[in-house]
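Asker: Here's a structure for you.
Nothing in this text is a laboratory measurement; each read-out follows from the coordinates by a stated rule. On a predicted model such as this, the values are computed, not experimentally measured, just so you know. In this analysis, Cβ positions are derived from the backbone assuming ideal geometry, glycine residues included, and neighbour counts consider all displayed protein chains.
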Amino acid sequence: MINEFEYFKPESLEEIFDILENNEGETALLAGGTDLFVNMKHRVKKPDNIIDVKGIEDFSKIEEREEGLFIGGTVTCNQIIESELVNQDYEILAEASLEVAAHQVRNRATVVGNLCTTSPGADMFPGLLVLNTKVLIESKNGNREVPLNEFATGVKSNVLKDNEVVRGVLVKKHADDGRGAYIKKRRTRGADLSAIGVAGYLSEEEEYLAFGLGAVAPTPVFVDVSDIFFGEGTYEEKLEKIQDKILENINPIDDVRSTKKYRKKMAQVYTRRILSRLWKAGDK
């Protein structure tokens, strides 16, 4: 049994802020609810108030803006998968969304919710990290933009304050030659949480190459290796330096899904596979 709570469904940000300000006790925001209701069922969370944000029009948008791609706070993973705009210019996000749980869960699970839960192995983090995404945060006192690589502060913790809400995320528009890939290792077949997830993104025009990794540290990891890849040396020399830099930036643990040693090894393997896929001169 879940606890009793007061339910609100505002139609504007202003209404959200009024509810946050005028109601006592713990308040939870409801977008998809795939984590919230599980936590409530297991009594991990017992909110006194639930604010359903699905009634806010701007939160449901996927649209191209001058600065890049806007993904609203209630956009689901299946909407990302089905979006022509995403598949045309941000295909790595559709690829990552396909790795989130099962189809039925993806009908509810939101991209922003995946970030706000802030699990170290969240599937949407690595791809959004390598695309240089910003989190758009609103409060009664104003708004702020936080680079995604500064959003997570620890295991399931982030920079959000109690009086703040995420309107959405803004994904940087990269050069037309940009291409990315995401690889996830599960413990079992089918829908399962990540044992390790690695994303990579390359643009030769921008001389940009970066990797994002999940389930290898208390928070998702972003590693920019542009200086190495577009510097001097052979492909193999660069690859070795890139793998070394990634190992320097991760700190995996032993748990029920994998071992520390295996995660380190697969971080190297997936880095090599992704770079090979993105760079035609790489080993096939």
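Asker: Mind checking the dipole of the chain: about its Cα centre, +1 per Lys or Arg Cβ, -1 per Asp or Glu Cβ, Debye to the nearest 20?
Answerer: About 1740 debye.
Asker: So, one more: Under the classification rounded if a/c is under 1.5, otherwise prolate if a/b is larger than b/c and oblate if not, where does segment 91-200 fall, given a ≥ b ≥ c as square roots of the Cα gyration tensor eigenvalues? All intermediate terms of the calculation are to be shown ahead of the outcome.
Answerer: Values: a/c = 1.93, a/b = 1.35, b/c = 1.44.
Judged from the Cα gyration tensor, segment 91-200 comes out oblate (a/c at least 1.5, b/c at or above a/b).
Asker: A further question follows. What percentages, rounded to whole numbers, describe P(r) for the chain computed over all alpha carbon pairs with 5 Å bin width beginning at zero?
Answerer: Values per bin, smallest distances first: 1, 6, 12, 17, 18, 16, 13, 8, 5, 3, 1, 1, 0.
Asker: Let me ask another. Report the gain in length on full extension from Met1 to Glu205: 0.36 nm times residue separation, minus Cα-Cα distance, nm rounded to one decimal.
Answerer: On the way: separation 204, 0.36 × 204 = 73.44 nm, distance 5.53 nm.
Extra length available between Met1 and Glu205 comes to 67.9 nm.
Asker: Sort out for me the Cα centre separation of segment 104-135 from segment 224-284, rounded to whole Å.
Answerer: 22
Asker: Order 88-100, 207-219, 37-49 from most to least packed using the mean count of other Cβ atoms within 10 Å.
Answerer: Those peptides, ordered most packed to least, come out 207-219, 88-100, 37-49.
Asker: Using the Cα atoms as the points, what is the convex hull volume per residue of segment 6-173 in Å³?
Answerer: Convex hull of Cα atoms, per residue: 110 Å³.
Asker: Which percent of Cα pairs goes in each bin when the distances of segment 13-110 are cut into 10 angstrom slices starting at zero?
Answerer: Histogramming segment 13-110 at 10 Å steps yields 15, 38, 31, 15, 1 percent.
Asker: Looking at the square roots a ≥ b ≥ c of the eigenvalues of the Cα gyration tensor of segment 181-278, which shape do they give, rounded for a/c under 1.5, prolate if a/b is larger than b/c, or oblate?
Answerer: Taking the square roots of the gyration eigenvalues as a ≥ b ≥ c, segment 181-278 is prolate.
Asker: Given the Cα-Cα distance of Glu21 and Arg277 and 0.36 nm per residue of separation, how much length would full extension add, in nm?
Answerer: Between Glu21 and Arg277, full extension yields an extra 87.2 nm.
Asker: Explain nothing, just the number: relative contact order of the chain, from Cα pairs under 8 Å at least 6 residues apart, as a whole percent.
Answerer: 14
Asker: Could you list Cys77, Cys116 in order of exposure, starting from the residue whose Cβ has the fewest other Cβ atoms within 10 Å?
Answerer: Working: Cys77 29, Cys116 20.
Fewest-to-most Cβ neighbours within 10 Å comes out as Cys116, Cys77.
Asker: What FRET efficiency do you get for Glu67 and Lys9 if R0 is 22 Å and r is their Cβ-Cβ distance, rounded to the nearest 0.05?
Answerer: 0.15
Asker: Pulled fully out, how much extra length does the chain show between Lys161 and Val256, if you take 0.36 nm times their separation in residues and subtract their Cα-Cα distance?
Answerer: Between Lys161 and Val256, full extension yields 31.1 nm more.
Asker: Moving on to the next point. Under the Karplus relation 6.51 cos²θ - 1.76 cosθ + 1.60, θ = phi - 60°, what is the ordered set of whole-Hz ³J(HN,Hα) values for segment 246-258, x standing for Gly and Pro?
Answerer: For segment 246-258, the Karplus curve yields 5, 4, 5, 9, 10, 8, x, 10, 8, 8, 5, 9, 5 Hz.
Asker: Work out the charge dipole of segment 181-278 with +1 on the Cβ of Lys and Arg and -1 on the Cβ of Asp and Glu about the Cα centre, then indicate which of Pro252, Ser276, Phe230 is farthest towards its positive end.
Answerer: Farthest along the dipole direction, towards plus: Pro252.
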